[in-house]
Amino acid sequence: MIACIYFTKEGEKVVKKIKDVYEKVDVFSKENFKENIEKIVKYERIIFISAVGIAVRILAPYIRSKWQDPAVLVIDDMGRYVISLLSGHFGGANEFCIEVAEKIGAMPIVTTASDGRGFKSLDLIAKDNDFYIEDKERLKRITSLMIEGRTISICSSINIKIDYPNITDEGEAFIYITYKDEFPRKEPYCILRPKVLHVGIGCKRGTSFEKIDSAIQRVFKENNLSMFSIKSIGTLDIKKDEEGLLRFAKEKKLPVIFFSREEIKKVEENFPKSPWVYRNFGIYSVAEPCAYLLSPNIIVNRKIIDGVTVAVSKED
């Protein structure tokens with residue numbers, strides 16, 4: 001959804017162009033934007049048809065950080081220029097700017113330093129690849145060095161190509177892309193966590209959030225895995241109302257994939273059998289088959305901790 005604010009009759013014509021090419025546009029004018037400003041700033045995309053100064057003054061009290069701010073564009077009321085004003089990379093304003101300019105026949109103006117130098121910024125790489133940024137201040141520091149043209153070393157546990165001209169084995173700074181929790185590192189550095197791990201979980205009815213959280217944390221600690229690299233959780237479909245598990249997924253912002261008995265039966269012969277699980281659920285195993293169904297590369301076989309069974313698989 002896009003919020004579009006205009007202030008002049010000519011600006012209203014630009015709004016019409018935008019509404020012609022985008023379906024979901026809420027329009028605000030100089031008469032009603034003030035009473036709706038608290039609503040407007042919650043949109044993921046905002047377009048001002050105005051001078052840049054007007055947009056800056058209106059938004060100034062609501063700006064938080066580049067990681068939280070909406071994508072904000074400014075278009076002059078003659079529709080000649082589209083300016084990426086706020087949240088160019090992480091919020092997607094730069095890409096949105098180019099898209100809007102093309103659709104309405106205007107010139108896009110993008111001023112972020114990395115774009116001007118022809119390479120993709122680290123925050124945009126993280127966003128595009130769904131990497132978790134472990135320390136945003138460190139990432140900003142490495143990005144600054146890249147803008148200065150310093151040499152960078154990429155140490156990655158996955159296959160990825162980073163579009164930067166000064167990559168070398170022994171750089172002045174280091175980018176680590178890994179699902180391993182602890183590893184040797186050199187300063188200055190930043191860490192990007194690829195979401196390549198899947199967790200299969202089995203538990204008794206009514207198992208608390210604390211027990212589930214503690215079990216997964218322990219398994220990851222013992223196997224030197226980063227919790228930030230979890231992509232999804234898998235379990236048996238009768239657990240759709242398991243409060244402790246659902247709370248864990250919600251707090252970690254993870255999707256839960258529920259598998260049927262029929263799906264699990266197709267692969268359970270590959271794993272150790274539990275008579276107790278069979279008596280209660282009609283299948284011989286839950287955690288390992290679910291982890292396998294999410295990705296067939298099991299890297300941690302089932303571990304039972306305080307009534308919670310955990311297994312981990314990794315994407316290739």
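Kirkwood-type hydrodynamic radius, region 194-247: 11.7 Å, calculated from all non-identical alpha-carbon pairs. Measuring against 18 Å, Cα to Cα, the residue pairs Lys221/Lys252; Lys231/Lys252; Lys17/Lys127; Lys204/Lys240 contain Lys17/Lys127 as the ones spanning a longer distance.
By the gyration tensor of its Cα atoms, with a ≥ b ≥ c the square roots of the eigenvalues, what is the shape of region 122-193: rounded for a/c under 1.5, prolate for a/b over b/c, or oblate?
rounded
Extension gain, Glu187 to Lys252: 0.36 nm times the residue separation minus the Cα-Cα distance gives 20.5 nm.
For region 250-292, the fraction of C-alpha pairs farther apart than 14 angstrom is 48 percent.
In this simple spin-label model, placing a label point 7 Å from the Cα along the Cα-to-Cβ direction at both Asn224 and Glu12 gives a separation of 6.7 nm. Given R0 = 25 Å, the distance between the Cβ atoms of Lys103 and Glu31 translates into a calculated FRET efficiency of 0.40. For log10 I(q)/I(0) by the Debye sum over Cα atoms at q = 0.09, 0.11, 0.12, 0.15 Å⁻¹, the candidate list reads [x] -0.64, -0.85, -0.92, -1.07; [y] -0.43, -0.66, -0.80, -1.30; [z] -0.52, -0.77, -0.91, -1.34; the entry that matches the value derived from this model is [x]. Annotation: amide H-H contacts under 5 Å for Gly200 (H modelled 1.01 Å from N, sequence separation of 5 or more, or interchain): Gly234, Ala291, Ala311, Val312, Ser313. The trypsin sites (Lys or Arg not before Pro) of region 256-316 that meet both conditions, a loop assignment by DSSP and at most 14 other Cβ atoms within 10 Å of the site Cβ, are Lys266, Lys273. Computed from label points 7 Å out along Cα-Cβ, the spacing between Glu170 and Glu243 is 6.0 nm. Here Ala51 and Glu23 are evaluated by their C-beta separation; at R0 = 30 Å the FRET efficiency comes out at 0.60. Listed by chain and number, the lysines placed with their C-alpha closer than 26 angstrom to that of Lys19 are Lys9, Lys30, Lys34, Lys39, Lys42, Lys103; residues fewer than eight positions away on the same chain are left out. Restriction of the trypsin sites (Lys or Arg not before Pro) in region 1-94 to DSSP coil positions whose beta-carbon has at most 16 other beta-carbons within 10 angstrom yields Lys24, Lys30, Lys42, Arg64, Lys66, Arg80. Roughly speaking, what is the centre-to-centre gap between region 21-85 and region 4-20 when only Cα atoms are used, to the nearest Å? For region 21-85 versus region 4-20, the Cα centre distance is 12 Å.
If both residues of a DSSP beta bridge must be in region 202-316, then about 65% of such bridges are antiparallel.
Once Rh for region 1-136 is found with the Kirkwood sum over Cα pairs, what is the Stokes-Einstein diffusion coefficient at 10 °C and 1.306 mPa s, in µm²/s? Rounded, D is 104 µm²/s.
Other residues with beta-carbon under 10 Å from the beta-carbon of Phe96 carry, at +1 per Lys or Arg and -1 per Asp or Glu, a net charge of -2. Going from the fewest other Cβ atoms within 10 Å to the most, the residues Leu139, Leu293 appear in the order Leu293, Leu139. Each residue in Lys120, Lys221 was given a count of other beta-carbon atoms within 10 angstrom of its own, and listing them fewest first yields Lys221, Lys120.
Among DSSP beta bridges lying fully in the chain, give the percent that are antiparallel, nearest 5.
The answer is about 35 percent antiparallel.
FYI, it's all coordinate maths here, none of it is from the lab. Keep in mind the model is a prediction, meaning the values are calculated, not measured. Because the Cβ atoms are built from the backbone with ideal geometry, glycine has one as well, and the counts that use them run over all protein chains shown.
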